[in-house]
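Have a look at the structure below, then the notes.
Just so it is clear, none of the values below were taken in a lab; they were calculated from the coordinates. In this text the structure is predicted, and so the values were computed from the model without any measurement. Here the Cβ positions follow ideal geometry from the backbone for every residue, glycine too, while neighbour counts run over all protein chains shown.
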Amino acid sequence: MNHRANPRIQCDAISRNFDVKRVSSLSSPPPGAEGLVVFAKGSDKAIFSFVPPSAGMFIWARFYDMNSSQFLKIQSACLSEDPEQEFADQVWAELARALVLLTPVCVEPIQLRDIWY
């Protein structure tokens with residue numbers, strides 16, 4: 001497979017299965033959204049946003065769990081110490097069953113003084 005074609009193939013697959021809108025076209029974009037915002041077909045609740053990659057095979061996405069009815073159900077039950085993690089575990093399990101690879105990454109700004117001092 002031509003790796004230069006991967007980003008386009010991935011973005012085309014997202015567009016076929018979801019409604020995709022540019023952040024600039026939204027009157028109230030989700031917090032932190034960049035590039036494109038992805039919605040379930042016919043829904044006005046954002047699932048995730050991402051900037052289409054120009055190369056490589058990864059799409060870095062920001063997910064909006066507050067728009068998920070399952071997350072709200074977990075949160076409102078008040079039975080979980082960490083509703084975000086419980087929801088993420090459920091999402092990862094479901095994606096694994098569908099043979100979709102999703103890896104959590106938390107990118108924190110690193111200050112040089114934290115490394116050197």
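Each label point is 7 Å from the Cα along the Cα-to-Cβ direction; what then is the distance between the points at residue 85 and residue 100, in nm?
So the two model labels end up 2.4 nm from each other.
Listed highest first by mean packing, meaning other Cβ atoms within 10 Å per residue, what order do 16-28, 84-96 come in? Don't skip to the end; give the middle numbers.
Numbers: 16-28: 11.8, 84-96: 13.8.
Ranking the peptides 16-28, 84-96 by packing returns 84-96, 16-28.
In angstroms, what radius of gyration and Dmax does the stretch 22-88 have, counting Cα atoms only?
Radius of gyration, then largest Cα-Cα span, for the stretch 22-88: 13.9, 42 Å.
For a Förster distance of 22 Å, can you work out the FRET efficiency between the beta-carbons of residue 40 and residue 11, rounded to the nearest 0.05?
Working: r = 17 Å, r/R0 = 0.78.
For residue 40 and residue 11, the calculated efficiency is 0.80.
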